[in-house]
Structures are given as structure tokens and as C-alpha cells.
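So the structure is just underneath, and the comments pick up after that.
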Amino acid sequence: MSSETAAPSRGLVLESAAWVAPLCWIAVLLDGFDAVVLGAVMPALLADQAWGMTTGEATAVATAGLFGMMVGALGMGYLTDRWGRRKMLIGAVIVFSVLTFAAAFAPTVLWFGILRFLAGLGLGGCLPTGISMVTEFSRPGRGSNATTVMMTGYHVGAVLTAALAIWVLSHFTWHTMFIAGALPALILVPLMLVFLPESPSYLASKGRLEDARRVATHYNVPLEIGDAAPAASGARGAAAPSAQVVAEKKGAALLLSGTYARNSVVIWIASFMGLLLVYGLNTWLPQIMRAADYDLGNALGFLLILNVGAVVGLWIGGRVADRITPRIASIMWFAASAVLLAALAIRLPVAGIYVMVFLTGCFVFSSQVLVYAFTATNHPPRVRATALGMSAGVGRLGAISGPIVGGTLLGAGLAYPWGFFAFAAVGALGSLAMVGSKTVGAPDRRMVVGGNDDAPAAR
């Protein structure tokens, strides 16, 4: 018996279950902060005479941050499955916050870029760890909704950061925005230390069954026993990985074995396409709209409405996915994104285009999150965070590619209407990728404990 299996209870956190989702939501909100903050302060950075930053250097800094998030998602997803959700989520918040604070005092552009890369390592770990946590603390059949609701934090963070930048940059220097980005940790980390529990599914996957039962009973959540993924809502007899494969493979090796190999490839493709859309549109939508002869005020308004639509779409998408499975929902959402993005090329009155942009936001941003929901509900606990980390990590390549695609079309004078057609093609490819996925319908290995017996373990 391993020391890990024989380990006794070690300071389990047994507090109100109401803390788990909000704490994970705030951690993901920091991802939304990072998505917007560099763009918000970029004019001030370029105007800073102390550095004399060029446009090329600014692009390199932005890319460095995204690469850091990619490496962080890949690495910390794996470490989360080895060391635990609680420990790694708290560590990710600390790393991101300390290095974001340090970036405010970077002496040169080079050091600023290095600190942005290192901050990205911590930030990249927030997403796979947070999704794993909320999935494992959700009620049976509600995992997709838990994931999409948590991801609203990303877009709320983006909107709040943009609004904060308007006030901060009119009164202070750009440095203040990075200091402000680090401040939430002063409250969030102590709250996590006191109130954030370890996942019972993770504890069970490490052989700490008594601790896992105590946590599951206290928080009134199902306990996943064994290595197979629980049957997702709506699974209809898809074959599970063989017991021999599950027993012999671990970590990333399991993701490339049996049924998981097929799903891993299509998840990575869909994540690439999804984040290409998210970052491409967030970066270039105002400029594309300007190329379509809309004034600057409306062009910026479209970006705001796009992200408002994202929040609404996430609330709806999660509920739909829990009814029809995340796989089918993601296929539909990507397909609807493709249609709506192509339709944006049609010239409409301003009110009409606002409605179209809102609807586009509802589907585009939810598409990627539904891929995460599919990933979370179709992998066993011991490899769940690794699978999510790989999905987010590969997706970051799409995040890097999105601004490049939009910028290339703008530079060639093809932003309107071909920018919308190009993004529509990306949405169609995301839908086709998810068509190739397969819901893993293993026999349910969860014990419903803590008075939750009325809830179905799987449908």
C-alpha cells in the first residue's frame, strides 16, 4: 500500500458548500481580467517615454502572456491530478497575483514580458483546476451548468476590467491597473485557505476513501469511486475504455488510449477553434466594424454587447447541455456561431446589428465552454484536470492565432466582410470536430451520499 493510500485525514476543510462555486468563480474572473488588461493599457504603454515600446515589442509581450497561460494550463492540469484541486488552485492564484503585482514595477520591456509569461503560468492553472472542482462538487446531472456558470466569471471580469481601466487611466498611470489586478488575492487567498475543501473525487482517486466519504457526506455531493468516468447525462451505450487500459495508463498517456484518444484529438481541435473565435473577436471586432463604416462609439459598443451576450449564453448553454449532453449542445452551439458570424456580414440598421452581435456572443463564447463541460464529464477523476489542462493549453494556440487571423485580414483590407466569413468557417470546423467526439458511457461508479439519494446518478 502506498503512503498516499494509507495517509490519514489531514486537515480536511468541512465548511458550507456555498463557498466552493463563488471562490472558483472569482479565480476564473482573474482570467477575464488578464484577457482585457493589456489591451486596455496598451495605448498608455506605447506612449510611455521611459520605455519607448514599439508595436512589435507590444505584440511580443502579449504573445508571451498567452504562451505562459498555455504552458500553465498544460502543466498545472497534470499537477492538479497529482497534488489536489485545493492546493493547486490556491497556488495558481498566489503565483498570478504576485507576478502581476511585480509587472507594475518592471524596469524594462524585456522584464515586463518575462513577468507576463510567468504570471500566465499561474493564470493558466486556474481554469482546469476550477472546472474540475465545480464539476466534482455539482449535483448529478448538473456538471455542465456548473461549468458554464463558473465561466461567466471570465466575461464579468473582462467587462469590469474594461470599465475600471477607463477610470484608472484617467487618474493614474498604467502601473495602477496591474497593482489592482493583484489586490483580489489579499482577500481571495485567505478565504480559500479557510473555506475551500479538497474534492472528494480526488481524495478517492488517491485511495483516501474515508476522507473522501467524510467530505462527500458533509457537502452532500456524489462520490466517484474507481477509475471510470461517470456516465454523462444522456449517454446512450457508448463503450467505456477497457479496465486493462484504465489500469495501465495514467495522466496524459490515458488521454491517448482507447476511447479517450479519439475524444482527446477532437477536444483539442474544438478548443483551438473555440479560443481562436474568443480572442479573435475580442481583439478585432471593433476594427472590423469600423471597416464596415460603423462609428467608433458603436464599434466599441458592439464589443461590450458581445460579452454581455456571452454571459447570457453561458447561463442558457449549461442548462441545455445537462438535458441533451454537452456533446450535442457543443455541436449545435458551434454551428449556430458559424451561421450568426456569417450573418454579421449583412448590413443592417444599428439596432439590428446590436441584436445580431448579442446573439453571436450568446453562442460563440458558450461553444468553447461546452467543450470544457464535455471534457469534465467524460474523464475519470484522476485524469480530469489533466484532460482539461490539455484542452485549455492546446486552445491557447487558438487564442494566439485569433488575433493573427484578424490582423492579417485587416492588414490586407479584407476585414469586412471576409473577416466574418473566416470566423464563421472556424465555427463550422469546431462543430465538425465535436461531431467526431463520443460520449463515454461507463457504468456509473459514483456513490450518492449525504442525503442526495433522490437525485439520479446518471441518465
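Suppose R0 equals 30 Å; then what is the FRET efficiency for residue 44 and residue 293 from their Cβ-Cβ distance, rounded to the nearest 0.05? Could you put the intermediate results ahead of the total?
Numbers: r = 29 Å, r/R0 = 0.95.
The formula returns an efficiency of 0.60 here.
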- Item | Computed [θ] at 222 nm, helices only, for the chain once each DSSP H run of length n ≥ 4 contributes -39500 (n - 2.57) | -25500 deg cm²/dmol
- Query: What angle, in degrees between 0 and 90 and rounded to the nearest 10, separates the Cα long axis of helix 296-324 from the longest principal axis of the Cα atoms of the chain?
  - Reply: 20
- Message: Per 0.36 nm of contour for each residue apart, how much would the distance between residue 339 and residue 59 grow if the chain were fully extended, relative to their Cα-Cα spacing?
- Response: 97.7 nm
- By how many degrees, 0 to 90 and rounded to 10, does the Cα axis of helix 258-291 deviate from the longest principal axis of the chain? 20
- Item | Per-peptide average of other Cβ atoms within 10 Å, ordering 355-365, 338-348 highest first | 355-365, 338-348
- Over the chain, what is the relative contact order in whole percent, taking alpha-carbon pairs under 8 Å and six or more residues apart? 26
- Pop out the carbon and sulfur fraction of the accessible area of the chain as a percent, whole number, probe 1.4 Å. 69
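Reported to two decimal places, what Rg/Rh ratio describes the stretch 267-368 when computed on Cα atoms with Rh from the Kirkwood expression?
Using Cα coordinates only, the ratio equals 0.99.
Could you work out the per residue convex hull volume over the alpha carbons of the stretch 367-424, in cubic angstrom? Intermediate values should be presented prior to the final figure.
On the way: hull volume 3.6 nm³, N = 58.
Dividing the Cα hull volume of the stretch 367-424 by its residues yields 63 Å³.
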- Query: For the Cα atoms of the chain, what angle does the longest principal axis make with the long axis of helix 184-195, in degrees from 0 to 90, nearest 10?
  - Reply: 10
- Please give the residues of the stretch 390-419, grouped as numeric ranges, whose backbone N is less than 18 Å from a label point set 7 Å along the Cα-to-Cβ vector of residue 83. 390
- Message: At R0 = 30 Å, how high is the FRET efficiency between residue 323 and residue 18 if r is their beta carbon distance? Nearest 0.05 is fine.
- Response: 0.75
- Task: Could you calculate the FRET efficiency of residue 256 with residue 412 from 1/(1 + (r/R0)^6), where r is the beta carbon distance between them and R0 is 45 Å, rounded to 0.05?
- Result: 0.70
- For 16, 431, the accessible-area ranking with a 1.4 Å probe, largest leading, is 16, 431
- Can you pull the semi-axes for the stretch 19-64, root of five times each eigenvalue of the Cα gyration tensor, sorted largest first, whole Å? 31, 10, 7
- Stretchable slack from residue 438 to residue 166, in nm (0.36 nm times residue separation minus alpha-carbon distance): 93.4 nm
- Task: Two decimals is fine: what's Rg over Rh for the chain, C-alpha atoms, Kirkwood radius as Rh?
- Result: 0.97
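Compute the Rg to Rh ratio over the stretch 1-141 from the alpha carbon atoms, using the Kirkwood formula for Rh, and round to two decimal places. Write out the running numbers ahead of the final one.
Working: Rg = 18.1 Å, Rh = 16.6 Å.
Dividing the radius of gyration by the Kirkwood radius yields 1.09.
The values are calculated or read from the model by the stated rules, or taken from the named source; none is laboratory data. The structure displayed is predicted, hence computed values, not measured ones. Every residue, glycine among them, receives a Cβ derived from its backbone with ideal geometry; neighbour counts consider all protein chains shown. Side chains are part of the model used for accessible areas, which takes the heavy atoms of the whole protein and leaves out ligands, DNA and RNA. Shrake-Rupley method; radii C 1.70, N 1.55, O 1.52, S 1.80 Å.
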